[in-house]
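The values are calculated or read from the model by the stated rules, or taken from the named source; none is laboratory data. What you see is a predicted model, and the numbers here were worked out from it, not measured in a lab. Counting neighbours? That spans all protein chains shown, and the Cβs are built from the backbone with ideal geometry, glycine included. What goes into the accessible areas is simple: the full protein's heavy atoms, side chains included, and nothing from ligands, DNA or RNA. Shrake-Rupley method; radii C 1.70, N 1.55, O 1.52, S 1.80 Å.
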Amino acid sequence: MKDTYLDLVNGPLKQIAKTLGLPQPVKLQRFGQTPAQYLSAPVLVLGTSPGAQRIADRLLENDFEVRRHPGSGESLRAVIAVFDDAREPDDLSQTALELGASLRSLLPCARVISVSQALRPEGQDPEEAATAQAVTGLTRSLAHEMRAGSTANGLLLDGVDVDAASATAALWFLLSAKSAYVSGQLLTVSSTAGEEIRAAEFVATGDAGPLAGRTAIVTGAARGIGAAIARTLARDGAQIVGVDMPQAGQALAAVMNEVGGRTLQLDITSDTAAERLAAAVDNQVDILIHNAGITRDKLLANMDASRWDSVLAVNLQSQARINARLGEANLFASGSQVVSLASTSGIAGNRGQTNYAASKAGVIGLTAASAQAFGQRSGSINAVAPGFIETDMTAKMPALTRQVARRLSSLQQGGLPVDVAEAIAFLASASARGINGQTLRVCGQNMVGA
Ligand code: NAI
């Protein structure tokens with residue numbers, strides 16, 4: 001659904017909105033929309049550790065303009081603040097303050113990325129753990145302070161250093177327009193798995209794209225977020241098998257025609273769903289996107305069994321059963337990658353959505369607990385939790401609730417289906433296999449359950 005207010009404050013109502021102190025969301029630069037002037041602007045890398053220097057070197061090798069010292073007065077496309085060697089709270093001060101001083105030089109839709117150690121409570125020195133956790137507070141708060149479509153996110157290193165392939169890939173993702181609607185999030189890299197990728201390859205498309213040569217099954221692909229996932233994965237080079245209910249057959253065929261994909265009409269709750277999915281890809285499931293989902297909202301006091309059971313069956317049990325059956329029957333290819341749709345409702349809870357939130361929180365648990373098995377097959381499993389996304393589902397909300405939901409995020413607008421799809425395409429790529437068991441929110445840092 002179109003966000004008319006966003007158009008108006010970027011057009012005729014700009015001055016009035018400013019005078020009245022109304023929210024002034026900025027049109028985000030998405031993939032393919034970034035001005036050349038932005039792309040050629042420098043990235044400032046702050047921090048004195050060897051890791052900071054290695055990140056600066058990596059950026060230079062990938063043709064970024066790089067600065068190592070603040071205060072040049074130039075406009076910046078990004079600041080990367082590297083805290084990877086911080087061991088006590090005092091170690092944060094210099095880089096944090098330099099970061100603060102550089103914020104006014106950021107271009108619109110710029111990026112701030114913190115890089116730090118992940119919290120590892122078992123065996124970690126308490127002061128070191130406190131310092132690690134402090135960086136997450138800094139990053140999340142800074143994301144709330146960002147203006148003009150800019151974002152702040154963090155990269156957490158869990159037993160790996162900045163050279164890990166997925167740490168580099170995560171930097172490309174967070175620096176790129178593909179993460180336009182991701183803000184206030186921390187992404188953990190926990191292994192050196194993953195293929196090295198250059199920045200130019202990360203944004204290449206078609207046969208040169210990061211998913212070239214791979215086949216992706218996308219459930220619920222007939223419309224909404226699922227259709228956007230199919231288009232984005234196809235753009236990045238994947239062959240698509242789109243799955244949806246027989247009733248949605250026509251819409252599914254239209255999307256698959258557009259992306260040159262194949263259709264599979266299937267109810268994912270059916271007993272033979274796993275076997276039919278596998279059969280559609282010669283019993284070698286490579287990329288599987290569990291996107292199909294439903295809502296049947298009611299307050300718990302008014303909840304009936306059909307609402308509760310159907311939501312749990314589609315959103316959670318089908319995923320769990322399909323993963324288990326494919327795993328038991330060795331139908332996952334080596335290096336296979338699964339990405340599931342969770343929701344911010346599954347993190348924060350939402351009135352009227354006990355069934356839906358239970359199913360989506362369940363997906364987060366399922367993902368975390370499946371990581372080890374996928375890692376052993378050299379693959380990964382992750383979830384993406386969208387916030388308010390402009391789809392048929394959110395178009396049904398009452399107008400005022402919809403307006404409030406849009407503005408209650410740091411980016412002051414709803415996301416688009418493509419924003420969710422971009423995060424999924426990244427997590428499904430071979431370069432991201434060192435990220436495993438995570439849930440990444442794509443919510444513009446929605447205030448609900450932040
Ligand atoms: P949608 O309702 O527009 O599309 C869902 C698709 O899944 C439909 O094509 C439907 O036919 C298909 N489907 C439903 N049950 C199925 C089954 N048993 N077997 C096969 N296909 C089935 O939904 P939307 O908005 O695109 O959401 C996609 C996913 O993203 C869902 O998992 C949803 O819970 C999640 N999500 C959406 C948000 C939003 O703001 N729209 C926010 C957070 C999460």
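Numbers for the structure displayed
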| item | result |
| --- | --- |
| Options Ile197, Ile225: the member that is aliphatic (A, V, I, L, M) and within 16 Å of the ligand (Cβ to nearest atom) | Ile225 |
| Residue check for Asp91: open to solvent by 60 Å² or more (accessible area, probe 1.4 Å) and either among the aliphatic types (A, V, I, L, M) or not in a loop (DSSP other than H, G, I, E, B) (or both) | yes |
| Residues that are open to solvent by 30 Å² or more (accessible area, probe 1.4 Å) and outside any strand (DSSP E or B), drawn from the stretch 97-122 | Leu97, Glu98, Gly100, Ala101, Leu103, Arg104, Ser105, Leu119, Arg120, Pro121, Glu122 |
| Asp161 being open to solvent by 10 Å² or more (accessible area, probe 1.4 Å) and in contact (Cβ under 8 Å) with a residue 60 or more places away in the chain | yes |
| Residue match in the stretch 405-418 (condition: over 25 Å from Thr269 (Cα atoms), within 12 Å of the ligand (Cβ to nearest atom), free of Cβ contacts under 8 Å to residues at least 12 places away in the same chain and of a type in the set (A, V, I, L, M, F, W, C)) | no |
| Elements of type helices (runs of 4 or more DSSP H) in the stretch 327-400, at least 2 residues being within 13 Å of the ligand (Cβ to nearest atom) and touching a Ser or Thr at 6+ places or on another chain (Cβ under 8 Å) | 345-348, 354-376 |
| Contacts under 7 angstrom Cβ, first residue in the stretch 379-394 being farther than 15 Å from Asn291 by Cα and open to solvent by 10 Å² or more (accessible area, probe 1.4 Å), partner acidic (Asp, Glu) and more than 8 Å from the ligand (Cβ to nearest atom), 6 or more apart | Glu390/Asp3 |
| Hits in the stretch 228-272 (condition: over 18 Å from the mean Cα position of the chain (by Cα), of a type in the set (A, V, I, L, M, F, W, C) and away from the ligand (no atom under 13 Å from the Cβ)) | Ala238, Ile240, Val259 |
| Hits in the stretch 173-208 (condition: closer than 24 Å to Gln29 by Cα, outside any helix (DSSP H, G or I) and not hydroxyl-bearing (Ser, Thr, Tyr)) | Ala180, Val182, Gly184, Gln185, Leu186, Leu187, Ile197, Arg198, Val203, Ala204 |
| Which numbered condition Arg262 fails, given (1) touching a strand residue (DSSP E or B) at 6+ places or on another chain (Cβ under 7 Å); (2) touching a residue at least 24 places away in the same chain (Cβ under 8 Å) | (2) |
| Matching residues in the stretch 59-69 - criterion: being under 12 Å from Val43 (Cβ atoms) and either acidic (Asp, Glu) or at pLDDT below 95 (or both) | Asp63, Glu65 |
| Residue within the stretch 33-48 that is open to solvent by 50 Å² or more (accessible area, probe 1.4 Å) and modelled with pLDDT of 95 or more present | yes |
| Extreme residue, least open to solvent (accessible area, probe 1.4 Å), among residues of the stretch 1-32 that are assigned to a helix (DSSP H, G or I) and in contact (Cβ under 8 Å) with a residue 60 or more places away in the chain | Leu6 |
| Subset of the stretch 290-307 [over 16 Å from Asn350 (Cα atoms) and away from the ligand (no atom under 16 Å from the Cβ)] | Asp304, Ala305 |
| The stretch 169-193, residues that are within 19 Å of Leu44 (Cα to Cα), among the hydroxyl-bearing types (Ser, Thr, Tyr) and surrounded by fewer than 24 Cβ atoms within 10 Å (Cβ to Cβ) | Ser176 |
